[in-house]
Each structure stands twice: as C-alpha cells, then as structure tokens.
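The values are calculated or read from the model by the stated rules, or taken from the named source; none is laboratory data. In this text the structure is predicted, and so the values were computed from the model without any measurement. Please note: Cβ atoms are built from the backbone with ideal geometry, for glycine as well, and neighbour counts cover all protein chains shown.
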Amino acid sequence: MLRETWAEIDPRRISDNLRAVRGTLPAGVKLMAVVKANGYGHGDLEAAEAARQAGADYLAVAFLEEALRLRAGGVRLPILILTPIRPDQVDLAMERDLTLTVTGADWFRELRRRSPTLAGRKLRVHVKADTGLGRIGFRTEAEWDALVPWLAAPDIDVDGFYTHFATAGQADTDYLERQARRFAELMTRCKESGIAVRHYHCAGSAAALRFPGLALDMVRIGAAMYGFYPARLTPPVPLKPALSLHSTLMQVKRVRQGEYIGYDNAYRAESDEWIGTAPIGYADGWSQRMQGAPVLVRGQRAVIVGRISMDQLMLRLPCPCAPGDRVTLIGRQGGERVTFAELAAHIDGAAQEITTALTDRLAKVYANAKKEAEYAWDNAYYQPRRREPTVI
Ligand SMILES: *Cc1c(COP(=O)(O)O)cnc(C)c1O
C-alpha cells in the first residue's frame, strides 16, 4: 500500500449484522442482501461473500453492470437488478442468470418485438409496484392488468412482486402504513389474476427491523448489513460498522492567531494553534461538507478546519502531534470514537452517503484475525461525549 490513507473493512462484521437481522425475522423469511454501489462502498465481492457466509438467499444490485461484476467475480447466488434494464440487454442478463425488475407492459412489448421466443429460455422477473415512493413501478390497477398477459407467458417466471417504502426511517409511521395498505391491495389483485408469484417483498432494512410483520416472504437488507440505521431510531439488535477510515499526519505546524488556513482563507486561527495536514481530500470522497467534522489523533478529538481540498485537509490539533501520527476519520482510537451517526448528522445525510462516496483512489484493507484488535470498534450509534479539542 503506497497511500497513507486507507479504509479498513471487516467483512465478518457484515456477516454478523446480517445474522443479527435474520435473528429478528419470522421463520422462513428469505434474506436478500443488497450489495449495490460496490457494497455501499465496502467492496461488492467482499460484501457478497460476507452475505453468502451469513446465509443470504439472494443478492440485489442497482444496475446490470454491477450484477455482471459479481458474476465475473464468481458469485453464484441469485441476483436481482433493482432498476429496469433495456430490453436489448435481456439476452446478456439471461446468459448470466440474472433476475430483472419489470414495471410495465411497454417494456414487454419491446422485448417481444426483439426476441419473441427468448431463444427457448425462461426469464426471471420481479414486478415492481410504486405504492408511494414515486420512483419506479406501476401505479394503477389498469397498469397491472396490462402487465398480466405478458407475465402469464410460459417463458416468464414471476419470481417476485415488490415495492419500496418512502418513510421507513421516519418516526412517524402514517405514510408507511398507507403504502403497506396499498401494497396489500395490489398483492390481492395480483393473486386474483392467477399469476403465481414466489416472493412478495416490501421491506428494506428499517422496515424489516422495525416491523417484522412487513417481512412477508423476503426482506431486502442494505444499510443494516453495513451497520447503518436511520438517525434518531434505535435498532432492535446491535449493528456494527464494518468500515473505518484512516490517514496520517504529514506535516504539523504552529500558527499564530489570525493566520489563514486553506483555500479562500476559509479558516482563520482563533488563537495560537497546532495545525496538521493529512493527505485525504474530496477526490477520495471526503467532501467539503466534512469541513468542521471531528477526527481523532492520539486518541483525542481534532477538527477539520478550512476548506477541504482535492488531496489534503487541515486539522486543528489538540496537542503538538507529530508527522506520522495516525488520523482516524471514521472509527476509534482508544476510548474516543467518530461514529457514522455523528458524521451523517454533520452532513445532514445518511451513513451510506459517506461510504459510497469513498473513491477507488483510497486503499481498502480487509480484516484478518491478527489485525482485529487494532481496529474493531463498536456500535455505529455510540454517541461520544461532545468535547472541544483543547488547543494549546
Ligand atoms: C437500496 C434498496 C434497498 C436497500 O435499502 P436499505 O435501506 O439500505 O436496506 C432495498 N430495496 C430497494 C428497492 C433499494 O433500492
């Protein structure tokens, strides 16, 4: 590893999280592990393997390319592609034994125009209903009725029927209940139309963990598998983050009160301060929204000051630390932690926004048992005491 900035990932924690989620589900519910966006930034093949070891029944990705990468990497589990692909890509998808999301009759019309017989093979699909997220899916009974003849074809295998919730992470459950009722109506319609469906599913991480009654035949677990949970809610099982992020101090200097740090003079030293520079920037995925965020150096909190630049950022240090000292941007040093919850609150976003933004320029180091003690850290929702760094 040449870079002095790296993410440490422990796939066993991904497996542990999935086992913990499974433990909360009614017996017989299948588990679909969502490994889109490079396994939420943790590595797609590594996340898929961790899911397999935890007994996942199915994988899901967002796009065809992501599914092809998993197959090329030797992944054998069934894979659902969560967004519709183009009819001209169906051949390739069937060759790799992928399951497709379909949302409307027009798609089938175009598919049949191109390949009326599907070359004697069977196409496995999950039908997506929009019950209120307003993203993708058929919305009306009429749209469903138009789909039925296409789904009834002998070479179409309707492996699933699903929807997705808009507010599963919100404390107020009114809208979620409304969506669940709408989904129940559509399931009834589906059953009445005689289409045999193997898996009805609607719950992602938050819905599955908050409302086991929504687990139906299968749950789609993304965030929770990486240790993430919606802000202000408490998971019913402990979820452990699997990723920590580290860099190294490369320069430390004493600056006088009133001196400027970083582009655009965005920070002016409030007093005489120790300022450190670490080689990580927005081109690594540490966006300018992280200005003002905490990091750890020598087991104490420091703060990112000034604009984060493309390759480097500056820290106001709690002590005259030394070049070579480890800087922890996510994770733990001794008793101090910077948690995903804290960083997500800082950017007014979600933990998965932080990990999926990490770019390939960063090295990824995967856990082995020997290193475990060094970086294992606990609950992502641990809230550290708020403490200002003591500036010398
Ligand atoms: C991303 C995604 C999921 C996973 O959601 P989490 O909240 O991360 O568990 C489930 N279903 C669909 C349709 C998705 O796009």
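The table below gives the values:
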{"quantity": "Of all residues in region 289-345 being more than 24 Å from the chain's Cα centre (by Cα) and of a type in the set (S, T, N, Q), the one that is surrounded by the most Cβ atoms within 10 Å (Cβ to Cβ)", "calculated": "Q333"}
{"quantity": "Flag for T101 being assigned to a loop (DSSP other than H, G, I, E, B) and either in contact with a His (Cβ under 8 Å, 6 or more places away or on another chain) or surrounded by 14 or more Cβ atoms within 10 Å (Cβ to Cβ) (or both)", "calculated": "no"}
{"quantity": "Filter result for the condition that a residue is more than 30 Å from S247 (Cα to Cα), touching a helix residue (DSSP H, G or I) at 6+ places or on another chain (Cβ under 7 Å), assigned by TED's automatic domain parsing to the domain that holds F211 and not hydrophobic (A, V, I, L, M, F, W, C), over P84, P78", "calculated": "P84"}
{"quantity": "Enumeration of residues in region 312-338 that are in contact (Cβ under 8 Å) with a residue 60 or more places away in the chain and of a type in the set (K, R)", "calculated": "R316, R326, R332"}
{"quantity": "Selection status of R189, surrounded by fewer than 21 Cβ atoms within 10 Å (Cβ to Cβ) and at pLDDT 95 or above", "calculated": "yes"}
{"quantity": "Yes/no for A105 being in contact with a Leu (Cβ under 7 Å, 6 or more places away or on another chain) and not hydroxyl-bearing (S, T, Y)", "calculated": "yes"}
{"quantity": "Pairs with Cβ under 6 Å, 6+ apart, first in region 230-251 and more than 17 Å from P294 (Cβ to Cβ), second aromatic (F, W, Y) and surrounded by 22 or more Cβ atoms within 10 Å (Cβ to Cβ)", "calculated": "P235/Y229; L239/Y229; A242/Y226"}
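Okay, residues lined up against (1) touching a residue at least 60 places away in the same chain (Cβ under 8 Å); (2) away from the ligand (no atom under 13 Å from the Cβ):
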position: D145; (1), (2): no, yes
position: A166; (1), (2): no, no
position: H201; (1), (2): yes, no
position: S205; (1), (2): yes, no
